[in-house]
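Sharing a structure, written as structure tokens. Questions coming.
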Ligand SMILES: NC(=O)c1ccc[n+]([C@@H]2O[C@H](COP(=O)([O-])OP(=O)(O)OC[C@H]3O[C@@H](n4cnc5c(N)ncnc54)[C@H](O)[C@@H]3O)[C@@H](O)[C@H]2O)c1
Ligand SMILES: O=C(O)CC[C@@H](O)C(=O)O
């Protein structure tokens, strides 16, 4: 498999990927070049420079995952990726400290005139009177967006003896109070703050949130900081407000359109400090984000779920710890159902019993659907596209949770409605860390869902098992394991043979013709 690492990704993550995959590193790649080369790649890693548009995504032929070495995924067309079943991951925390510290650096640099003082001194000037600054102590800092970076900035600002007032419509008020932050409305922040810093993504709600109208309501001498996304503060309005003295100063790291040239409205305005999107540019953060996305890409290319996928329901690390051991089992139960079903599955009910019901099992249900669809779909089915594909095919999926354990501490039951009043049920559990299928329809079994299994309901009479063994042997198919159902149902039993070789359709047809064999279905776990 091939990975393209664009935009100057730190070598640490690339080294990790190179152990398993071929990695092409293109620190600078134009939009045209990206379009041209994308069909070759299974995974793409970018920072903020490359725009992964719908056109790039639709041109991709093998792409399975896009890794954003950073937080903001606004340079990736997520709906286009989701529609194609491409996982998009980011590094939600890898550069938090870097961006937090950059915000503090910008706030201090702006309030103490450091950039201009340095610039003039480098020219041999000694201007002490001209560059008198203001202190942070006892000032009110308004934080808009109290997520990872906003909270980090608030905490640090309090160490500078600032009062912090925050606005975030989705804020966890208890956490804000624990931090010692006052929670207010947007208007409170705008009218009461001496410094205002924004830390939210660029969305239709946040775009242009701070323009001339808001700036005119602000305290005289207010200073603004934007290390989040260009466009949250209207650039032309900010330039004008600083020129007119409505706003005393600004420190801006991010821009509506990057890179920025000398013609940008904020360039050359005295009182405005600019940096070229350096918020995440520390050695530590670049190593962090590079490792985060590389680990995600490694997992995704092995078909494992990635907790940092942004186009899937988020799964917390705590929940992931509980459900991770069951993912393969769930997928194999789905695959077993697909292989045993005589007709298209119309409905799937996944029932969870036992302790596992205490966490969100949504991802396990997706794993069941992934396993159910993978053997029958041309294209790869993954955690991103499985729910949508099931819906497209009219398969209704429901989840049931029963806290009480049955015979096993935890049990997953997949019941499929295959129409005509017929159902198919497969149950599985974990014995330690080992997956086991413990029931197929009414038959109690103990099957290791590995390699290939041949599932044969048969009449419980002498000679049937021997005949099938000899028949497969004649066709060069070795049996490496065998299980006969522990229950007999109306004179029938279930035989599950682990076979070392694929069974051609013609041989399978003949197996079905053996006296006493009711049916024979191959479950090939390599294809699930
Ligand atoms: N300059 C850089 O290099 C750099 C580096 C890292 C992150 N960032 C950017 O910083 C921003 C914040 O990153 P984070 O990691 O703290 O994200 P986060 O997801 O932890 O926090 C974002 C916060 O914004 C809040 N929010 C959303 N809509 C809002 C609205 N309408 N009004 C107020 N608050 C709103 C959310 O509730 C959330 O708490 C992102 O845009 C990210 O891309 C920039
Ligand atoms: O890649 C970068 O350096 C910028 C990253 C930053 O904007 C982010 O959203 O994480």
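Across region 243-265, which residue is farthest from the chain's Cα centre (by Cα) among those that are away from ligand 2 (no atom under 16 Å from the Cβ) and within 19 Å of residue 144 (Cβ to Cβ)?
Filtering region 243-265 for residues away from ligand 2 (no atom under 16 Å from the Cβ) gives 243-250, 261-265.
In the following step, the residues that additionally are within 19 Å of residue 144 (Cβ to Cβ) were identified as 246-250.
Values: 246: 42, 247: 39, 248: 41, 249: 38, 250: 34 Å.
Out of the qualifying residues, it is 246.
Report whether or not residue 125 is in a helix (DSSP H, G or I), modelled with pLDDT of 95 or more and more than 27 Å from residue 309 (Cβ to Cβ).
Details: in a helix (DSSP H, G or I): no; modelled with pLDDT of 95 or more: yes; more than 27 Å from residue 309 (Cβ to Cβ): yes.
Criteria not met by residue 125.
The rows are residues; the columns are (1) outside the structural domain of residue 100 (by TED's automatic domain parsing); (2) within 16 Å of ligand 1 (Cβ to nearest atom); (3) out of contact with any helix residue (DSSP H, G or I) (no Cβ under 7 Å at 6 or more places or on another chain); (4) not in a loop (DSSP other than H, G, I, E, B).
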residue: 292; (1), (2), (3), (4): yes, yes, yes, yes
residue: 323; (1), (2), (3), (4): yes, no, no, yes
residue: 328; (1), (2), (3), (4): yes, no, yes, yes
residue: 333; (1), (2), (3), (4): yes, no, no, yes
residue: 343; (1), (2), (3), (4): yes, no, yes, no
residue: 370; (1), (2), (3), (4): yes, no, no, yes
residue: 381; (1), (2), (3), (4): yes, no, no, no
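Against the condition within 16 Å of ligand 1 (Cβ to nearest atom), under 29 Å from the mean Cα position of the chain (by Cα) and part of a helix (DSSP H, G or I), how does residue 176 come out, does it pass?
Values: within 16 Å of ligand 1 (Cβ to nearest atom): yes; under 29 Å from the mean Cα position of the chain (by Cα): yes; part of a helix (DSSP H, G or I): yes.
In short, yes.
With the structure loaded, tell me whether residue 314 is closer than 27 Å to residue 294 by Cβ, in a loop (DSSP other than H, G, I, E, B) and within 20 Å of the chain's Cα centre (by Cα) or whether it fails that test. Break it down into steps so the answer makes sense when it comes.
Values: closer than 27 Å to residue 294 by Cβ: yes; in a loop (DSSP other than H, G, I, E, B): yes; within 20 Å of the chain's Cα centre (by Cα): yes.
Yes: the conditions hold for residue 314.
Which of the residues belonging to region 133-150 are at pLDDT 95 or above and either in contact with a helix residue (DSSP H, G or I) (Cβ under 7 Å, 6 or more places away or on another chain) or loosely packed, with under 14 Cβ neighbours inside 10 Å (or both)?
133, 134, 135, 136, 137, 138, 140, 141, 142, 143, 144, 149
Considering only region 35-65, state which residues are more than 14 Å from residue 2 (Cβ to Cβ) and more than 16 Å from ligand 1 (Cβ to nearest atom).
Matches in region 35-65: 35, 36, 53, 54, 55, 56, 57, 58, 59.
Which ones in region 279-319 are surrounded by fewer than 16 Cβ atoms within 10 Å (Cβ to Cβ) and either modelled with pLDDT of 95 or more or under 29 Å from residue 152 (Cα atoms) (or both)?
Matches in region 279-319: 283, 284, 287, 313, 314, 316, 317, 318.
Among the residues of region 473-511, write down those that are assigned to a helix (DSSP H, G or I) and over 11 Å from residue 454 (Cα atoms). So that I can check it myself, show each step before the final result.
Of the residues in region 473-511, the ones assigned to a helix (DSSP H, G or I) are 473-474, 505-511.
Selection gives 473, 474, 505, 506, 507, 509, 510.
How many residues does region 163-177 hold that are in contact with a strand residue (DSSP E or B) (Cβ under 8 Å, 6 or more places away or on another chain) and either buried (at least 21 other Cβ atoms within 10 Å of the Cβ) or within 20 Å of residue 205 (Cβ to Cβ) (or both)?
Pass one, region 163-177, residues in contact with a strand residue (DSSP E or B) (Cβ under 8 Å, 6 or more places away or on another chain): 163-168, 171, 173, 176-177.
Then drop every residue that is not either buried (at least 21 other Cβ atoms within 10 Å of the Cβ) or within 20 Å of residue 205 (Cβ to Cβ) (or both), which leaves 164-168, 171, 173, 176.
Going through region 163-177 one residue at a time, the tally reaches 8.
The values are calculated or read from the model by the stated rules, or taken from the named source; none is laboratory data. Just so you know, these numbers come straight off a predicted model, no measurement behind them. Counting neighbours? That spans all protein chains shown, and the Cβs are built from the backbone with ideal geometry, glycine included.
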